[in-house]
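Accompanying notes for the structure given below.
Every number in this text was worked out from the coordinates using simple rules, so none of it is lab data. What you see is a predicted model, and the numbers here were worked out from it, not measured in a lab. A quick note on method: Cβ atoms are made from the backbone with ideal geometry, for glycine too, and the neighbour counts reach across all protein chains shown.
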Amino acid sequence: MEPTKRYKTFTYNTSLKWQQARQGKLSSDIKPSLDVSSPPEFKGIPGMWTPEDMFVASAEICAMSTFLSFGGRRNIPLVSYKSSAEGVLEFVDGKYRFTKIRILPEITVGKEWTREQVEEAVREAHGNCLIANSMKAGVEIDPTIVLV
């Protein structure tokens, strides 16, 4: 009989302090603070990070970091990874909510790997991305793979 694997529980903490108008200062432990606001579409301050930006970015960051983790285990000959993401915020059933996030990574790897191998690693990583798995919005990943 195999021993039962024990999974850890993790806790993440942030602090937010109102500054002025619709602006606040977000902080967490020893990380750099961020000036935050609601988006200009909702009477916020232009040029500041918004919860909407960070929601989309969290899915994008998780896609990259999970791919790097799974790729590292498989020894993918990674040359570069860059991505962009788009979140769609729609009015549904009387309230705004994100309905879709589309992540577009461009992954460059050495020719010793095939496009199919990289696509499989992307699919596996995407299926295990804890942020995407926690979101109600659908999260799609559409990679461009370059072999060099």
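First check a/c for the range 7-49, with a ≥ b ≥ c the square roots of the eigenvalues of its C-alpha gyration tensor; if it is under 1.5, answer rounded, and if not, answer prolate when a/b is larger than b/c or oblate otherwise. It comes out prolate by the Cα gyration axes.
In terms of overall dimensions, the C-alpha atoms belonging to the range 84-148 reach 51, 19, 13 Å along their principal axes, ordered largest to smallest. For the range 3-148, averaging the sequence separation of C-alpha pairs within contact (under 8 Å, six or more residues apart) and dividing by the residue count gives a relative contact order of 18 percent.
Structural size metrics of the chain, computed from C-alpha coordinates, are Rg and Dmax of 18.5, 61 Å. With the simple model of a label 7 Å out from the Cα in the direction of the Cβ, L130 to T4 spans 2.1 nm. Of the chymotrypsin sites (Phe, Trp or Tyr not before Pro) in the range 80-135, not one is in a loop by DSSP (not H, G, I, E or B) with at most 12 other beta carbons within 10 Å. Using a cutoff of 8 angstrom between alpha carbon atoms and counting only pairs six or more residues apart, the relative contact order for the range 7-49 works out to 27 percent.
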